[in-house]
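Undergrad: If you scroll down you'll find the structure; I have some questions about it.
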Amino acid sequence: MLRRVPLLLILVLVSTGCRKRPQVEKNTTYSVPEVSEDVLKKVPEWAQKAIWYQIFPERFRNGDLNNDPRMVDMEGAWPHTKFAGWKPTTWGQDWFVQEDWALASGKDFYFTVQARRYGGDFQGIIDKMGYLKDLGINAIYLNPVNDSPSLHKYDARSYHHMDRNFGSDPDGDAAIMKREKPEDPSTWEWTSADKLFLKLIETAHKNGIRVVVDYSWNHTGKQFWAFQDVIKNGKKSKFADWYYIDQFDDVETPDTNEFVYRGWANVKELPELKKVNVKNRVHGRAYEGNLHPDVKQHIFAVTSRWMDPNGDGDPSDGVDGFRLDVAEQVPLGFWREYRRFVRGLNPEAVLIGEIWWEKYPDLMTDPAPYLQGDVFDGVMNYRWYKSAREFIGYITPAMSGAQFAREMEALKKGIAEPYQKGMMNVTATHDTERLQSSLFNKGRYKVGVNPRDNKGFKVGKPDPVSVERQKMLLVQQFTYTGAPQLFYGDEVGMWGADDPDNRKPMIWDDITFQNEKSVPFKEMTRSDDVVAPDRGLLAFYKKLIAMRTRYADLFVDAPLEMVFARDGSDAVIYRRVMPNSNKMALVFINKGAGSIPMNGNLVGDIQRAMKFVNPLNEAEQYTVTPEQPNISFYLGARTYKVLVSEE
């Protein structure tokens, strides 16, 4: 049995009278426990079989109209403007139409949209848990839900509290936070948002859905309690060593503020946490070092709070892991300790790192140094999507089947099989254009993918060919090695450019949406587009999810072998075969404009007759025998086929 983090707990009753909450003893020190190498290096089986659904909470569902954000709740967030007459935006409003308060400001769309709020909250996610269960996903990845003044919430006001506008009592939550000593976990209480988040976890778990939350241990927000203390007390602040402070304010010059500090990526709203014992960078962007010891203690306390909320040693009431923001900016020494700490709390917890650019926009970071059993279980696999998009999306210059096969093989270099399975294979996220829009616009990945940088970016509804390519790419995603991820709304056909246009409110069938016909700049043109759920696409997603769930042994565990991938060809064929078994899957993708005849032995040497069915069209069946192993059909233009052997 694992030795848990030493933690003295005094159980107290909360005001509800029905749930016990622990009171952490003052001056508790959180230590890194002894964890067996087997537990440390294990990629949880559930994470290998995960079908991720990423939610940007403020834009998913407004379940409680009484907690909607106000200007006071956004104080400290960009664009730092108090708009006269501001109020939340109507959920179904044409995206590029500016509100009256926005028009009155005289600022353009991309300035005022940063102050836009729709009111999505925890209750909205709870209310739609049945939708998620019916969709078939089994893991939620939530963008940051820690208390924060911004839309994106990477600028935390507090790590140990959930956002006040996601709960039921924003003012009451603010009062609770104010009376705490945030550096002392023994004073921490449970806000309405905290309690509702625990209800969200409980509801998800009852529906067979894991919950992973997004945190950045690289930086806080400017409104974060420790940074506010530094602003107030300068070099006398006991938190002054938490941050990179180049110069403190001189109290002798009251008319001048000399305070200079480092913001992550030069963003002053994101003061960067200090790294210590830093050594030369190795393996690209990975580097040795650690975080300041006091910062680390605070992070451990926050992590323990959300992984085992009632402190009883049973983590089933807590989060199932973390997605970790800008992970390459944080030293490896910290990540190694953090993995041990997390696994000491829950041996089945997952850690997913955001590992992205080595040098934007030409070189993506090799994630191998982070996937050696002592850091992460997987990373957000943008490298897979970039290659899949270039092949299936017919991006110029066109990638051949052979090139695609070589790139897929290269992605595995230096990464052991369990960690290949733990990869989060993303198609779109809060940091990229929507999947359909990415395939509709044929430019380079992440370059000029928004109207500010590219007035030629097509902001309207993607054409039918883009939807066909979306389906091909999804088939590749759901049959390839790694855990597939969906960005909320892609399953109902949402479209949009890069941030902020990828963060539109979720399309629900009980909400009336205006047609999208507006543009952010007058020189742009577009079609007049109906906004409504694409039910056919939703049904396709459900079939894919059901297929991967039903045949998880094949699409998660079986080795992948390319059968056909040639230079100059628009098609690829690969198979996944369970060793010492009669189980096999064949995957066909033809991105070209013409159909391709299939007539050959695609199954290899077999010992007995095999029956194949198409899980996406079960009326389609084929039988092969050792004497007649050929499968014959025409693979249509811009289409796909999946065949799975039935025992």
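Undergrad: Just a yes or no: is a residue in the range 24-37 assigned to a helix (DSSP H, G or I) and either at pLDDT 95 or above or closer than 30 Å to residue 180 by Cα (or both)?
TA: Yes, the range 24-37 has at least one match.
Per-residue answers, yes or no, for (1) assigned to a helix (DSSP H, G or I); (2) free of Cβ contacts under 8 Å to residues at least 12 places away in the same chain; (3) of a type in the set (Asp, Glu); (4) under 20 Å from residue 559 (Cα atoms):
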position	(1), (2), (3), (4)
414	no, no, no, yes
419	yes, no, no, yes
442	no, no, no, no
453	no, yes, yes, no
459	no, no, no, no
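Undergrad: Counting only residues that are open to solvent by 20 Å² or more (accessible area, probe 1.4 Å) and touching a residue at least 60 places away in the same chain (Cβ under 8 Å), which one in the range 617-647 is nearest to residue 589 (Cα to Cα)?
TA: Ranking the candidates gives 640 first.
Undergrad: Looking only at the range 110-152, which residues are in contact (Cβ under 8 Å) with a residue 60 or more places away in the chain, closer than 18 Å to residue 319 by Cα and outside any helix (DSSP H, G or I)?
TA: 121, 137, 138, 139, 140, 141, 142, 143, 144, 145, 146
Undergrad: So, one more: From the list 179, 157, 164, which one is open to solvent by 10 Å² or more (accessible area, probe 1.4 Å) and in contact with a Phe, Trp or Tyr (Cβ under 8 Å, 6 or more places away or on another chain)?
TA: Just one listed residue meets the conditions, 157.
Undergrad: Is it the case that residue 106 is of a type in the set (Gly, Ala, Ser) and open to solvent by 10 Å² or more (accessible area, probe 1.4 Å)?
TA: So residue 106 fits the description; yes.
Undergrad: Continuing with the same structure: I'd like to know if the range 325-342 contains one or more residues that are at positive phi, modelled with pLDDT of 95 or more and not small (Gly, Ala, Ser).
TA: yes
Undergrad: Inside the range 406-423, can you point out the residues that are more than 13 Å from residue 372 (Cα to Cα), among the hydrophobic types (A, V, I, L, M, F, W, C) and open to solvent by 20 Å² or more (accessible area, probe 1.4 Å)?
TA: Listed by number, the residues that qualify are 410, 411.
Undergrad: OK, next. Just to verify a result, which residue in the range 280-295, among those that are touching a Leu at 6+ places or on another chain (Cβ under 7 Å) and not in a loop (DSSP other than H, G, I, E, B), is surrounded by the most Cβ atoms within 10 Å (Cβ to Cβ)?
TA: 291
Undergrad: Does residue 298 qualify as being surrounded by fewer than 19 Cβ atoms within 10 Å (Cβ to Cβ) and either modelled with pLDDT of 95 or more or closer than 14 Å to residue 215 by Cβ (or both)? Can you show your working first?
TA: Values: surrounded by fewer than 19 Cβ atoms within 10 Å (Cβ to Cβ): no; either modelled with pLDDT of 95 or more or closer than 14 Å to residue 215 by Cβ (or both): yes.
It is false that residue 298 is surrounded by fewer than 19 Cβ atoms within 10 Å (Cβ to Cβ) and either modelled with pLDDT of 95 or more or closer than 14 Å to residue 215 by Cβ (or both).
Undergrad: Let me ask something else about it. Within the range 472-589, considering only strands (runs of 3 or more DSSP E) that don't extend past its boundaries, which have at least 3 residues that are open to solvent by 10 Å² or more (accessible area, probe 1.4 Å)?
TA: 560-565
Undergrad: Considering only residues that are open to solvent by 20 Å² or more (accessible area, probe 1.4 Å), in a helix (DSSP H, G or I) and either of a type in the set (A, V, I, L, M, F, W, C) or closer than 26 Å to residue 565 by Cα (or both), which ones fall in the range 354-404?
TA: Hits for the range 354-404 are 383, 386, 390, 403.
Undergrad: Mind listing just one residue for me: the one in the range 590-615 that is open to solvent by 30 Å² or more (accessible area, probe 1.4 Å), of a type outside the set (Ser, Thr, Tyr) and under 20 Å from residue 637 (Cα atoms) and, of those, nearest to the chain's Cα centre (by Cα)?
TA: 593
The values are calculated or read from the model by the stated rules, or taken from the named source; none is laboratory data. Remember, predicted model here, so these are calculated numbers, not experimental data. No Cβ is skipped: glycine too gets one built from the backbone with ideal geometry, and neighbour counts run over all protein chains shown. Heads up: the accessible areas ignore ligands, DNA and RNA and are worked out on the full protein's heavy atoms, side chains in. Shrake-Rupley method; radii C 1.70, N 1.55, O 1.52, S 1.80 Å.
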